[in-house]
Amino acid sequence: PNIFQRGIDDLDRMVTSNRLSPETITNYTRVALRDRLEIIDSYMGNPEQYEKIQISYPKIIAAASKYYDNVIVDIDKRLSGKIKMEILNISDIVLAMSIQKMHNIKELQALIESGKILKKERTLITLGRYDKNMKYNAKNLSRSVLKQRQIIDTIPYNFKVAEAIQEGRIIDVIFGIINLRNADENFFLAQELQRLVDDIDARVLQLEMRR
């Protein structure tokens, strides 16, 4: 395993030996933006070992939340249902990603309304790989399916970003996009990302006021 893979291995050992503290986590991350963004990679080794290491994930996330201002978790599809629920239960906000299809949105909405897995007050539905030119755009889905005035958040598909992710240049590309002022597809992506961030901030504020 590479140095980043060993990071999650070491954190798992610290959890099992009761030596994990919030301050030590930063020693096992890779820095994407100094003093702004650090990353811990998921375990990508032996499947049997993954079954054991994933048990430590909720404790690692909980410890990280005591050290960092914000902790963002991309929930691994390989995680067991139990571990997924533990992570969801300690999350302040959940971005429920969906493709741009009516029946998928309906299923996700029903799941949220049931409250068994996703809690309505903490969940924001977000359309991934979004295409604003499709018939079922964000406005139509918000009004006809979700029955709400607020327009659902989106992350538009952008081939430059897709390429940059594969080539490890995503930070540079994002910084270039957020400073755009021209009305092209890159500008639209920047607008939608800012709208998503604003909606997350607003939801967090609402939850804090209720406590």
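When the range 22-36 is filtered for residues that are in contact (Cβ under 8 Å) with a residue 40 or more places away in the chain and either surrounded by 14 or more Cβ atoms within 10 Å (Cβ to Cβ) or in contact with a Cys (Cβ under 9 Å, 6 or more places away or on another chain) (or both), only 25 remains.
In the range 37-50, the qualifying residues are those that are among the charged types (D, E, K, R) and touching a residue at least 12 places away in the same chain (Cβ under 8 Å), and the one that is nearest to residue 80 (Cα to Cα) is 41. Residue 88 meets all of the listed conditions (1) surrounded by 12 or more Cβ atoms within 10 Å (Cβ to Cβ); (2) under 22 Å from residue 187 (Cα atoms) but one, namely (2).
Taking the criterion of being β-branched (Val, Ile, Thr) and touching a residue at least 40 places away in the same chain (Cβ under 8 Å), the residues of the range 118-149 that qualify are 126, 145.
Could you list, in sequence order, all residues of the range 157-174 that are free of Cβ contacts under 8 Å to residues at least 24 places away in the same chain, under 22 Å from residue 138 (Cβ atoms) and either open to solvent by 70 Å² or more (accessible area, probe 1.4 Å) or not in a helix (DSSP H, G or I) (or both)? Talk me through it step by step, then tell me what you get.
Our first condition is that a residue be free of Cβ contacts under 8 Å to residues at least 24 places away in the same chain; within the range 157-174, this holds for 159, 162-170, 172-174.
Cutting the leftovers down to under 22 Å from residue 138 (Cβ atoms) gives us 159, 162, 174.
Residue satisfying the conditions is 159 alone.
Among the residues of the range 97-151, those that are under 29 Å from residue 161 (Cα atoms), hydrophobic (A, V, I, L, M, F, W, C) and in a helix (DSSP H, G or I) comprise 102, 105, 108, 138, 141. Going by the structure shown, is residue 42 in a loop (DSSP other than H, G, I, E, B), open to solvent by less than 50 Å² (accessible area, probe 1.4 Å) and of a type in the set (S, T, N, Q)? Judged against the criteria, residue 42 is a match. Restricted to the range 175-192, and to residues that are open to solvent by 50 Å² or more (accessible area, probe 1.4 Å) and assigned to a helix (DSSP H, G or I), which residue is farthest from residue 128 (Cα to Cα)? Looking at the filtered set, the residue picked out is 175.
The values are calculated or read from the model by the stated rules, or taken from the named source; none is laboratory data. Computed from a prediction, not measured in an experiment: that's the story for all the values here. Every residue, glycine among them, receives a Cβ derived from its backbone with ideal geometry; neighbour counts consider all protein chains shown. For the accessible areas, the whole protein counts, side chains as well, though only heavy atoms, and no ligand, DNA or RNA atoms are used. Shrake-Rupley method; radii C 1.70, N 1.55, O 1.52, S 1.80 Å.
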